Amino acid sequence: MTNAIRIRRRSLLATSAAAVGALAAPRIARGAAARVVVVGGGWGGLGVLRALARKSEVELVLVEPHAAFFSCPLSIHYIVGDRPSSDFEHGYAAIDKLGIRRVPEAAIAIDRDRREVVTASGRIGYDFLVLSPGVEYAEEAIAGYAEARDRLPVGFRPFEQQGVKALVDRFLAEGGTFLIAVPKPPYRCPPAPYERACLIAEQIAKRGVKGKVVVADANPQPLPPPIAKPILEAMRAAHAERIEYLPEHEAKAIDLAKGSLDCGIADVPFTHANLVLPMRAPKLLREAGLAERWAAVRLPDFRSQADERIWVIGDAAGTPLPKSGHVAFNAGGVVGRAIETRIEGKPDAPVGPAELPAGICFAAVTRDRAIMISVDSAFVPGEGAKLRFHVDPAPSRESSEAAANWGRSMWQSMLG
Ligand SMILES: Cc1cc2nc3c(=O)[nH]c(=O)nc-3n(C[C@H](O)[C@H](O)[C@H](O)COP(=O)(O)OP(=O)(O)OC[C@H]3O[C@@H](n4cnc5c(N)ncnc54)[C@H](O)[C@@H]3O)c2cc1C
């Protein structure tokens, strides 16, 4: 296969009779040379759209079933009642204004032979495809979970936070034992379950609730390892008596009626439960032959190892980089540049040492104190990704303020 791929005019003109919404209309914007379809309007998808918007040679299509974006980062402040959900929900008006066609549906299949994304109402042809659909939960990992799914919201994907907030509100009104189960990695935002435990514990104290939080962790210590010490210290110092931490307790089965989580070495009783499930790339990618547990991509440019017209970014990609929104958004920029190069018909640059998207993550331990974790990464040919973590030695107000500022500036870059 040559590096300079010829754009097939046919594929640009090949929408099926049952074309999707706006895509039934004239197929490609005047003057555009290629259509790029992006599946998923979250951190990664918006990163690539922002990178390619205003390039007149590219027609952009976003396939996203939700009418708005909801940020998982910082949403703990909504879950415990400190901030309204409107702080985290942002409409797609800015994307619409950029002339990006938005298809408000889920992609249900990828037809790689025909280069089409399939939705319930039709097919969308692409020249290049970027997939950033986030994660799927491995529900079968915990026996009894699927039957009780409606009463066990996880809250690690956009718009699930509302269900978790209702659960937390019930617990804070009734008291009891709020159980949080943490899976083995890799999963989205490793510090997030401990952050959730801390902020619920803070509400227990504030509201005088008779209750505690129990963290059943499949791991020997909080994740990622560089954050274990400050997190354990924060749990002890700020929330003593209100958080019980159980390392090496991997959830195997749940009995909701009995209020018991089987962790193999012990049964953990609870009155309210929030199980963070093991995660993997969504079925869409696995069925298209792009992923096993995670999508196989090539670093440093995130191109699928199975298909040279497809890139996978965000948490669905199987890389050593942290599963972080910051990484996902910046990976969108990397992919935007790679696609531009392809459209221009230039050969791939030789693979040499390269910077990889940096990560930044905040773990709040109280309403106004947080730990900041940042990760620099570089790609070294023959060796892969090299990561360097920088972690606050202790929670601080400065990091909590930095978190709020980071959120505002990222949402502005995505949807402002
Ligand atoms: C509690 C919590 C705290 C976090 N804190 C931080 C933090 O401090 N810093 C940080 O950098 N990251 C943080 N993260 C991680 C961050 O949220 C993820 O890494 C980021 O969302 C990954 O982006 P993504 O594009 O892969 O997925 P998402 O942002 O989840 O976007 C996926 C999008 O794809 C859509 N979609 C799914 N399936 C389909 C389909 N079949 N067809 C079309 N669209 C589809 C979804 O509706 C969604 O809009 C946190 C996560 C959680 C849960």
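The values are calculated or read from the model by the stated rules, or taken from the named source; none is laboratory data. Since the model is a prediction, treat every value here as computed from it, not as a measurement. Please note: Cβ atoms are built from the backbone with ideal geometry, for glycine as well, and neighbour counts cover all protein chains shown.
Scanning segment 299-329 for residues that are in a helix (DSSP H, G or I) and either without any contact (Cβ under 8 Å) to a residue 24 or more places away in the chain or surrounded by fewer than 24 Cβ atoms within 10 Å (Cβ to Cβ) (or both) yields a single hit, His326. What is the number of the single condition among (1) within 11 Å of the ligand (Cβ to nearest atom); (2) in contact (Cβ under 8 Å) with a residue 40 or more places away in the chain; (3) within 30 Å of Ala291 (Cα to Cα); (4) among the aliphatic types (A, V, I, L, M) that Ala68 does not meet? All conditions pass for Ala68, except number (2). Cβ separations smaller than 6 Å between residues 6+ apart or across chains give the following pairs from segment 283-295 residues that are buried (at least 24 other Cβ atoms within 10 Å of the Cβ) to residues that are of a type in the set (Ser, Thr, Tyr): Leu290/Ser304.
Candidates in segment 330-341 are the residues that are over 23 Å from Ala288 (Cα atoms) and in contact (Cβ under 8 Å) with a residue 40 or more places away in the chain; of these, the one that is farthest from the ligand (Cβ to nearest atom) is Glu340. Within segment 69-86, identify whether any single residue is assigned by TED's automatic domain parsing to the domain that holds Arg303 and touching a Pro at 6+ places or on another chain (Cβ under 6 Å), and answer yes or no. Among the residues of segment 69-86, at least one is assigned by TED's automatic domain parsing to the domain that holds Arg303 and touching a Pro at 6+ places or on another chain (Cβ under 6 Å), which makes the answer yes. For segment 154-184, the candidate set comprises residues that are assigned to a loop (DSSP other than H, G, I, E, B) and touching a Lys or Arg at 6+ places or on another chain (Cβ under 9 Å); within that set, the residue that is farthest from Lys206 (Cα to Cα) is Arg157. For segment 190-205, the condition holds for at least one residue, the condition being that it is β-branched (Val, Ile, Thr), farther than 25 Å from Trp294 by Cβ and modelled with pLDDT of 95 or more. The set of residues in segment 340-386 that are farther than 22 Å from Gly47 by Cβ, assigned by TED's automatic domain parsing to the domain that holds Pro73 and among the hydrophobic types (A, V, I, L, M, F, W, C) is empty.
Checking the stated criteria, Ala273 turns out to be within 16 Å of Val164 (Cβ to Cβ), outside any loop (DSSP other than H, G, I, E, B) and among the hydrophobic types (A, V, I, L, M, F, W, C).
Residues that are within 16 Å of Ala197 (Cβ to Cβ) and either away from the ligand (no atom under 16 Å from the Cβ) or not assigned by TED's automatic domain parsing to the domain that holds Thr271 (or both) were ranked within segment 157-174; the one that is surrounded by the most Cβ atoms within 10 Å (Cβ to Cβ) is Phe171.
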